[in-house]
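Single-structure report; data block below.
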Amino acid sequence: MVHGDQSFLRTSPRPAPLGPAMLSAEGDLESGDQPCIQPEPLKSAYLPGKATPTGGGRAVSAGNSPKVTANGVPDIEDRILRITGYYGYNPGYSSHRREDGSESRPETPGSDASVETRSYQTCANTALKVLGGLLMVLCVSSSWVGTTQVVKLTFQSFSCPFFISWFSSNWNILFFPIYYSGHFFVTGEKQTPIQKFRECSKLFGEDGITLKLFIKRTAPFSILWTLTNYLYLLALKKLTATDVSALYCCHKAFVFLLSWIVLKDRFMGVRIVAAIMAITGIVMMAYADGFHGDSFVGVALAVGSASTSALYKVLFKMFLSSANLGEVAHFLSTMGFFNLVFISCVPLILYFTRVEPLGSLSSLPWGYLFGLAGLWLVFNILVHVGVVLTYPILISIGTLLSVPGNAAVDVLKHEVIFSVVRLAATCIICLGFLLLLLPEEWDSVTLQFFANIADKKSEEHGEELTESSGQTRSRSRANGTVSIPLA
């Protein structure tokens with residue numbers, strides 16, 4: 001019985017006696033013969049290793065071999081397939097034939113090779129992404145260390161921090177041209193810069209950018225950007241580059257606190273601990289030289305720079321989190337244009353009030369200014385592009401590595417001697433920064449990791465016990481001892 005389906009049975013004449021000649025698959029009904037039940041021959045079955053049919057509808061004979069039907073399957077095997085229901089046989093249907101009539105192919109070693117090739121490609125892509133991320137970490141750290149150190153060198157002959165901040169921020173206009181050039185050479189799209197600019201301007205709305213939207217969207221971000229840079233430069237006039245870069249790393253803790261309060265992000269205890277550590281490092285840094293003098297003012301300026309940076313990032317996350325790379329480049333270029341048009345009045349006011357006397361144009365350190373602006377632009381490009389090309393955590397690590405980089409330059413070149421309190425404060429801030437990089441599911445992932453290790457150790461211990469018991473039994477048999485288990 002084949003799965004209760006007996007539609008393949010029909011009446012056919014009694015088969016004639018076997019002779020030297022092979023009989024056809026379907027004989028004529030002779031008069032007077034009683035009908036008998038004979039299975040219908042298999043119409044098509046694919047068996048690996050069997051010869052394919054070479055003839056049409058006639059049978060093929062070869063010596064004393066069993067009868068072979070038109071589909072190339074021996075008659076005896078055909079009957080066995082029908083009786084046992086192998087391959088789910090049904091009349092007129094073969095599981096090895098598709099609905100469209102084409103035979104399905106079994107899995108071949110080539111399919112396994114293609115799977116292995118895809119896995120190799122995935123591993124190669126991951127490795128390239130990690131290597132690119134490590135290179136990006138080195139570039140981000142180097143550009144930020146270079147920017148900080150060039151600022152310190154510029155202050156030796158030109159002490160106008162707001163003008164330096166304004167001049168460097170104007171270079172943000174180059175964001176979109178650089179993006180368009182890279183996009184054109186990589187993708188080869190035949191879009192003019194104006195068409196691409198209009199496409200990316202949809203960030204401001206479906207109607208594109210207008211004067212009202214330009215001021216409304218760009219002004220808050222541009223002001224926060226200018227304040228962040230200006231306060232950072234003022235802090236560098238009071239403190240060493242190492243202290244300022246370490247205090248600036250506290251912006252990560254401020255971002256978490258603002259995101260938790262404003263954006264209702266998930267509460268994480270470990271990040272609260274990291275924020276407390278950042279605040280502790282700030283207090284220790286201020287206490288290093290006493291709560292007075294340039295040290296305390298410098299710490300306050302550096303913390304203010306970190307705070308405005310955190311506010312900028314939270315607002316960016318609130319309004320522009322869904323923007324792509326082209327739209328971000330468009331927005332940063334728009335900020336640079338806003339800085340050039342609307343904030344240019346501030347350096348003029350500071351110049352005429354003698355707060356920042358610039359002197360003659362020929363006396364300005366243009367080499368330092370262009371180098372500083374170029375390094376700052378490279379750092380910002382790497383930060384925004386690196387988030388898209390590689391893992392965002394690597395960009396944060398690159399910013400953190402600027403602290404030991406600046407420390408190495410301060411010790412080797414400027415011969416700075418750090419106190420124990422400052423070193424402890426720097427280490428606490430950096431440790432808190434690393435804790436803030438932990439993913440949201442770090443606790444469950446860690447517990448699962450230790451559980452897997454414990455399971456693996458228990459399995460290895462069980463295998464050792466099994467091997468030792470097997471060796472004990474073999475030695476007992478060799479000595480002629482038989483152990484009888486108790487009921």
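The values are calculated or read from the model by the stated rules, or taken from the named source; none is laboratory data. Nothing here was measured: the structure is a model prediction, and the numbers come from that model. When we count neighbours, we look across all protein chains shown, and the Cβ atoms used for this are built from the backbone with ideal geometry, even at glycine. Just so you know, the surface numbers come from the protein's heavy atoms only, side chains and all, with ligands and any DNA or RNA stripped out. Shrake-Rupley method; radii C 1.70, N 1.55, O 1.52, S 1.80 Å.
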Next on the checklist: The conditions are (1) open to solvent by 70 Å² or more (accessible area, probe 1.4 Å); (2) touching a helix residue (DSSP H, G or I) at 6+ places or on another chain (Cβ under 6 Å), and residue 324 fails exactly one of them. Which is it?
Outcome noted: (2)
Checklist outcome for this item: Of the residues in segment 162-200, those that are among the aliphatic types (A, V, I, L, M) and over 30 Å from residue 347 (Cβ atoms) come to 186, 194
Next on the checklist: Restricting to segment 252-268, and then to whatever is open to solvent by 40 Å² or more (accessible area, probe 1.4 Å), of a type outside the set (Phe, Trp, Tyr) and part of a helix (DSSP H, G or I), can you tell me which residue is farthest from residue 307 (Cα to Cα)?
Outcome noted: 261
Checklist entry - Just one of 352, 291 is open to solvent by 70 Å² or more (accessible area, probe 1.4 Å) and more than 30 Å from residue 246 (Cα to Cα); which is it? => result 352
Checklist entry - If the Cβ limit is 7 Å and pairs must be 6+ apart or interchain, which residue in segment 121-150 that is under 30 Å from residue 234 (Cβ atoms) pairs with which residue that is modelled with pLDDT under 80 and surrounded by 14 or more Cβ atoms within 10 Å (Cβ to Cβ)? => result 136/390
Checklist outcome for this item: In segment 224-251, anything closer than 15 Å to residue 299 by Cβ, open to solvent by 20 Å² or more (accessible area, probe 1.4 Å) and of a type outside the set (Val, Ile, Thr) is listed as 231, 234, 237, 238, 248
Checklist outcome for this item: Those residues of segment 397-413 which are under 13 Å from residue 142 (Cα atoms) and either in contact with a Lys or Arg (Cβ under 9 Å, 6 or more places away or on another chain) or of a type outside the set (Gly, Ala, Ser) (or both) amount to 397, 399, 400, 401, 403, 404, 406, 409
Checklist outcome for this item: By residue number, the members of segment 392-439 that are at negative phi and not in a helix (DSSP H, G or I) are 401, 413, 414, 416, 417, 418, 419, 437, 438, 439
